[in-house]
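Notes for the one structure printed next.
The values are calculated or read from the model by the stated rules, or taken from the named source; none is laboratory data. These figures come from a predicted structure and were not determined experimentally. Don't worry about glycine lacking a Cβ; one is built from the backbone with ideal geometry, like all the others, and counts go over all protein chains shown. We work out accessible area using only protein heavy atoms, side chains counted, and drop any ligands, DNA or RNA first. Shrake-Rupley method; radii C 1.70, N 1.55, O 1.52, S 1.80 Å.
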Amino acid sequence: GTFRAELLDVDYATISGRLSEIGRSFSPDIAIHFGLARECSGFRLERTARNSHRDARPDNSGALPASGRVCDGEETYPSSLPLDDIHAALAGADLPVEWSDDAGGYLCNTVFTLSRAHACDGLAPAMSGFVHVPPLREAEPDNPRTLAFDNLMRGALIVMETAVAAWGRAHAAA
């Protein structure tokens, strides 16, 4: 299989188009979205994408999204990542991990919703979800809610490897 990492701008006006570009050029089977959440104290596994701009905060350009739904579709979308397996693997590697039922009112929830709703041209992964991570310890040494770079990378690889293994098992059985 092929792996591809993308960095998305924190910009409501361009996010849907960027996800469509990725979908058309790569068409991933699995999309794991990572985002920063200063208040989390480990890998925060997001269970639910909320198809709403409720509590939206301005993006990096200061813009707010139009109120209402993120896209056409259901009110909520569950993550399709193997969250229980990911939680167990992270905990087993002695990495901090926590649960969340609300991906927030920022672009994290928007990306999660667009990905799960298959609302962007070509982006229809069989498995997708969102994981929040705390700031890097090296970037914010006085913040007690941080992860060292090596632990952040180790955990991100565990998340990806666990998802790929689950996807492989599902397709081997089919």
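Here Leu90 fits the description: open to solvent by less than 40 Å² (accessible area, probe 1.4 Å) and within 27 Å of Asp142 (Cβ to Cβ).
Within region 27-41, the only residue that satisfies the criterion of being surrounded by 13 or more Cβ atoms within 10 Å (Cβ to Cβ) and polar (S, T, N, Q) is Ser41. One residue alone among Arg18, Arg24, Arg44, Arg4 is out of contact with any Lys or Arg (no Cβ under 6 Å at 6 or more places or on another chain), among the basic types (Lys, Arg) and surrounded by 20 or more Cβ atoms within 10 Å (Cβ to Cβ), and that residue is Arg44.
The set of residues in region 82-128 that are among the hydroxyl-bearing types (Ser, Thr, Tyr) and in contact with a His (Cβ under 9 Å, 6 or more places away or on another chain) comprises Ser100, Thr110, Ser115, Ser128. Condition (residue is small (Gly, Ala, Ser), under 12 Å from the mean Cα position of the chain (by Cα), within 13 Å of Cys108 (Cα to Cα) and assigned to a loop (DSSP other than H, G, I, E, B)) applied to region 40-53: is it met by at least one residue? No, because not a single residue in region 40-53 is small (Gly, Ala, Ser), under 12 Å from the mean Cα position of the chain (by Cα), within 13 Å of Cys108 (Cα to Cα) and assigned to a loop (DSSP other than H, G, I, E, B). Is region 105-123 home to any residue that is over 17 Å from Val70 (Cβ atoms) and out of contact with any Cys (no Cβ under 8 Å at 6 or more places or on another chain)? There is at least one residue in region 105-123 that is over 17 Å from Val70 (Cβ atoms) and out of contact with any Cys (no Cβ under 8 Å at 6 or more places or on another chain). For region 135-162, the set of residues classified as out of contact with any helix residue (DSSP H, G or I) (no Cβ under 8 Å at 6 or more places or on another chain), under 17 Å from Val97 (Cβ atoms) and polar (S, T, N, Q) consists of Thr146, Asn151, listed by residue number.
Collect the residues in region 71-102 that are over 22 Å from Glu161 (Cα atoms) and either without any contact (Cβ under 8 Å) to a residue 12 or more places away in the chain or touching a Lys or Arg at 6+ places or on another chain (Cβ under 8 Å) (or both), keeping them in residue-number order. Working first, answer last.
At the first step, the residues of region 71-102 found to be over 22 Å from Glu161 (Cα atoms) are 71-77, 101-102.
Passing the criteria: Glu75, Thr76, Tyr77, Asp101, Asp102.
Within region 55-68, does at least one residue satisfy the condition of being surrounded by 12 or more Cβ atoms within 10 Å (Cβ to Cβ), under 15 Å from the mean Cα position of the chain (by Cα) and not β-branched (Val, Ile, Thr)? Checked region 55-68: no residue is surrounded by 12 or more Cβ atoms within 10 Å (Cβ to Cβ), under 15 Å from the mean Cα position of the chain (by Cα) and not β-branched (Val, Ile, Thr). Of all residues in region 1-30, those satisfying the criterion of being in a loop (DSSP other than H, G, I, E, B), within 14 Å of the chain's Cα centre (by Cα) and hydrophobic (A, V, I, L, M, F, W, C) are Ala5, Leu7, Leu8, Val10. Ala117 satisfies every condition listed in (1) of a type outside the set (Phe, Trp, Tyr); (2) out of contact with any Pro (no Cβ under 7 Å at 6 or more places or on another chain); (3) without any contact (Cβ under 8 Å) to a residue 60 or more places away in the chain except (3). For region 127-174, a residue qualifies if it is more than 20 Å from Ala37 (Cβ to Cβ), modelled with pLDDT of 90 or more, of a type outside the set (Asp, Glu) and open to solvent by 90 Å² or more (accessible area, probe 1.4 Å), and exactly one does: Arg169.
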